[in-house]
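> First the structure, then my questions, so here it is.
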Amino acid sequence: MKHTIHKHDHHFGWDNAISPVITVAPGDTVEIEAIDASGGQVKSGMQVGDLANIDWQKINPVTGPVFVDGAEPATR
């Protein structure tokens, strides 16, 4: 089965308390539409001085999370 996660399904930071946006089965395909590292704040036509207005709490968004049915931690 093919799934898509859109760029609006993002958050800021790694936290296992965040609920998955999708659950997939092994072998499924997931297409992820990721937002850019500025969280969509850097736009065409901006000037260097505009960068001073970036909200640094919205940098490096993470898309997901994805829950994979049956996945287990790797063993060493």
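> How long is the chain along each principal axis, judged by its Cα atoms, biggest number first, in Å?
Taking max minus min along each principal axis of the Cα atoms, the chain gives 49, 27, 23 Å.
> Give a residue-ordered list of calculated ³J(HN,Hα) values for the stretch 68-76 (Karplus: 6.51 cos²θ - 1.76 cosθ + 1.60, θ = phi - 60°; whole Hz; x for Gly, Pro).
10, 3, x, 5, 9, x, 5, 10, 10
> Would you pull out the residues with amide H under 5 Å of Ser38's amide H, same chain only if 5 or more places away, H placed 1.01 Å from N?
Amide H neighbours of Ser38, under 5 Å, 5+ apart: Asn60.
> Starting from 0.36 nm per residue, how many nanometres of slack lie between His8 and Thr29 once their C-alpha separation is accounted for?
Numbers: separation 21, 0.36 × 21 = 7.56 nm, distance 1.92 nm.
Computed gain between His8 and Thr29 is 5.6 nm.
> Suppose the chain between Phe67 and Asn16 were pulled fully straight at 0.36 nm per residue; how much longer would it get relative to their current alpha carbon spacing? Before the final figure, lay out each step's value.
Working: separation 51, 0.36 × 51 = 18.36 nm, distance 1.09 nm.
Answer, rounded to one decimal: 17.3 nm.
> For every other residue with a beta carbon closer than 10 angstrom to the beta carbon of Gln41, add +1 if it is Lys or Arg and -1 if Asp or Glu, then tell me the sum.
-1
> Which of the lysines could a cross-linker span from Lys43 if the Cα-Cα distance has to be under 23 Å and same-chain partners fewer than 8 positions apart are dropped?
Lys7, Lys58
> Here's a follow-up. How big is the antiparallel share of DSSP beta bridges in the stretch 2-68, given as a percent to the nearest 5?
Of all bridge pairs located within the stretch 2-68, approximately 20 percent are antiparallel.
> What is the local net charge at Thr63, summed over the other residues whose Cβ is closer than 10 Å to its Cβ (Lys, Arg +1; Asp, Glu -1)?
Details: positive: Lys7; negative: Asp9, Glu33.
That works out to -1.
Each reported figure results from applying straightforward, stated rules to the coordinates on display, with no laboratory input. As the structure is a prediction and not an experimental result, all values here were calculated from the model. Cβ: placed from backbone, ideal geometry, glycine included. Neighbour counts: every protein chain shown.
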